[in-house]
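Data block below; observations after.
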Amino acid sequence: MAYQFSFEAIASNWELLARGVALTVVLTAIGSFVGIIIGTVGAVSRAWTLPLLSQVFTVYIECVRNTPFLVQLYFIFFGLPALGVKLNGWEASVLTMVINLGAYSTEIIRAGVMSIPKGLLEAAESLAMNRWQALRYVVLRPALKNVWPALCSQIVIVMLGSSVCSQIAAQELTYAANLIQTQTFRAFEIYLTSTLLYLMLAVLVRKCLNQIGMRFIERRKA
Amino acid sequence: MIQFTLWDIVSHLLIGMGWTVGLSFAAFILGSTAGMVMLFARISPNPLLRQLAKIYIEFFQGTPLLMQLFLLFFGLALMGIDISALATALIGLTLFTSAYLAEIWRGCVESLPFGQWEASASLAMNRWQQMRYVIIPQAVRISLPPTVGFSVQVVKGTAVTSIIGFMEITKTGTMIANATFKPMLVYGLVAIGYFLICFPLSAFARRVERRSYATYMR
C-alpha cells in the first residue's frame, strides 16, 4: 500500500480534540443529570398511574423511543424556529440529549420502582408516612440501585449517539474530528484517533458511573 | 421556483422510507447471520477465539456508529476500493448489528442452567449436537423479545447513514426541507415515518415478552 500514514495533523491539533472530548463529556453529564430527574418523575407517575401525568409520559416515551436521535435533533434545531424558539447548535444538542435520556430513563427507572415489593410500601404506610415520604425514604434508593447498571449502559449509548450532534455544529468530539479532517485531509488517521478516544471515553464513563452508583446509591446512609 | 405540494413532499419521503426499510431489513438479516458466527466464537471452548470475539463486540459497542461508518468509508478508499454510500451503510450496519446481537444472544445462552450442557454431554452429544438439539431451541425462545426490540435500534441506526450521503428518509427530508423552507413540517413527517416503522416493532416486542413471561410463570 503506497499510502503514508501521518499522525502529525493530530499532534498539532490536539487542543481541538481535547476540547471536543471535554464538550462531549459535558453534554453527556448535563443530559444524564437532567434526564434522570425527568426519568424519576416519569417513572413514579407511570408506576403509580398518576392521572394525566402518566398518559403524558406514555405518549412522550413512545414518540422519543420510536424515532432516531438524529431526526429529533433536526426537528428541534431546524423545525422549532418556525414556532419562534431559536436555539444554537449547542443548546439544541443539550435539549435533545435531555429529552432522549428522559424518555429512556423513565422506562428503566419504572422497572426499578415496580421491582420494590409491595410490602415495603405497606410498611411505610403503617408508619404513617404519606406517599411522598414513602417515595423519598423507602422506594427511590433501592429502585435506583436495582436499575443502575441498565441506566449506565443507556448513558454510554446516548454519549456515543451524541456524535451526530456534529451535524448541527455542536462542537463536540466528532465536530473537532471533521474540522481537522477538512483542514488536513488526513481523514482515516483522524477518524481512527477519535474512534479510539470514544472507546476510552466509553470505558471511563462506565467506570465513573459505577463509582457514583456505589458511593451515592448503595452506601450512603440517609 | 418549483412549488412543492404536500403530496410531492410525502411521495418523495415515501420513496426514502422504502430505502430505510430495505436497508434495515438487509442489515438485520446479514447482521444476524454474522451475529450467529460471533456468538459461536464468543462462547467457543477456544480461549483465543473467545477473546477475539470479545474485542470485536467491545469495539462495536464502545464506539459511535457514525465513526464506524466514517472509518469504513475512508479506510476502504485508502486501500483503493471505491465504495458507494449504500455499500458502506450496509457493511457498517451489518457489523454493528452483529456485535449487539451476539452479545444479546450470549446472554440468552448463558441464562440457561448449566445442567442442560451437562445432561446433553452425558448423552454423548458433541458440542455441535448440544447446540443444535438442546441449547439453541431453548435460547431462541428467550431471545425473541430482545431481538425484536433491537430491530428498532437498527431502523433508528439507519438514520445515521444519511450523514455519509445515503438517500434514505432522513436525507430525503433534509433535501426537501432545504428546498421548501418548511423544516418543521418535513422533519415532523420524517419522524412520523420512523414512528410508523418502529412502533409496530416495539409493540410486537412487548407482546412477545408478555407472552413468554406468562409461559415462564406457568
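Observations
- Mean-position separation - Cα centroids, the range B:1-45 and the range A:162-222, in angstrom: 26
- log10 of Debye I(q)/I(0), alpha-carbon scatterers only, for chain A at 0.13 Å⁻¹: -0.83
- Taking the C-alpha atoms of chain B, convex hull volume expressed per residue in Å³: 143
- With a cut-off of 11 Å on the backbone N, no residue of the range B:184-213 is near the modelled label site 7 Å out from A:L83 along Cα-Cβ.
- The calculated 222 nm mean residue ellipticity attributable to helices in chain B amounts to -27500 deg cm²/dmol, summing -39500 (n - 2.57) over DSSP H runs of n ≥ 4 and dividing by all residues.
- Each residue of the range A:178-190 is assigned a 3J(HN,Hα), and the resulting list reads 4, 4, 5, 4, 6, 7, 10, 6, 9, 4, 5, 4, 5 Hz, derived from the Karplus form 6.51 cos²θ - 1.76 cosθ + 1.60 (θ = phi - 60°), x at Gly and Pro.
- Under the Debye formula (equal points on every Cα, no solvent term), log10 I(q)/I(0) of the protein assembly as shown at q = 0.07 Å⁻¹: -0.39
- Gyration tensor (Cα) of the range A:125-214, equivalent ellipsoid semi-axes in angstrom: 42, 14, 7
- Between helix A:89-114 and chain A: long-axis angle, C-alpha atoms, 0 to 90°, nearest 10: 40
- Remark: the range B:155-163, residue by residue, has Karplus-estimated 3J(HN,Hα) of 4, 5, x, 4, 4, 5, 5, 4, 5 Hz, where x stands for each Gly or Pro and the curve is 6.51 cos²θ - 1.76 cosθ + 1.60 at θ = phi - 60°.
- Inter-part distance, the range A:38-91 to the range B:133-148, computed on C-alpha centroids, equals 34 Å.
- Sequentially through the range B:86-93, phi angles give Karplus couplings (6.51, -1.76, 1.60; θ = phi - 60°) of 4, 5, 4, 4, 5, 5, x, 5 Hz, Gly and Pro residues having no value and appearing as x.
- Crossing angle, helix A:140-161 versus chain A [Cα axis fit, 0-90 degrees, rounded to tens]: 20
- Fewest-first sequence of A:I116, A:I108 by Cβ atoms within 10 Å of each Cβ: A:I116, A:I108
- P(r) tail, the range A:1-113: Cα-Cα pairs separated by more than 26 Å, 37% of all pairs.
- Spatial separation of Cα centroids for the range A:122-146 and the range A:147-161, in angstrom: 26
- Counting only lysines at least 8 places from A:K145 when in the same chain, those with an alpha carbon closer than 30 Å to its own are A:K118, A:K207, A:K221, B:K54, B:K156.
Values quoted throughout were computed directly from the atomic coordinates according to the rules given, and no laboratory measurement underlies them. This structure is a prediction, so every number in the text was calculated from the model and none was measured. Don't worry about glycine lacking a Cβ; one is built from the backbone with ideal geometry, like all the others, and counts go over all protein chains shown.
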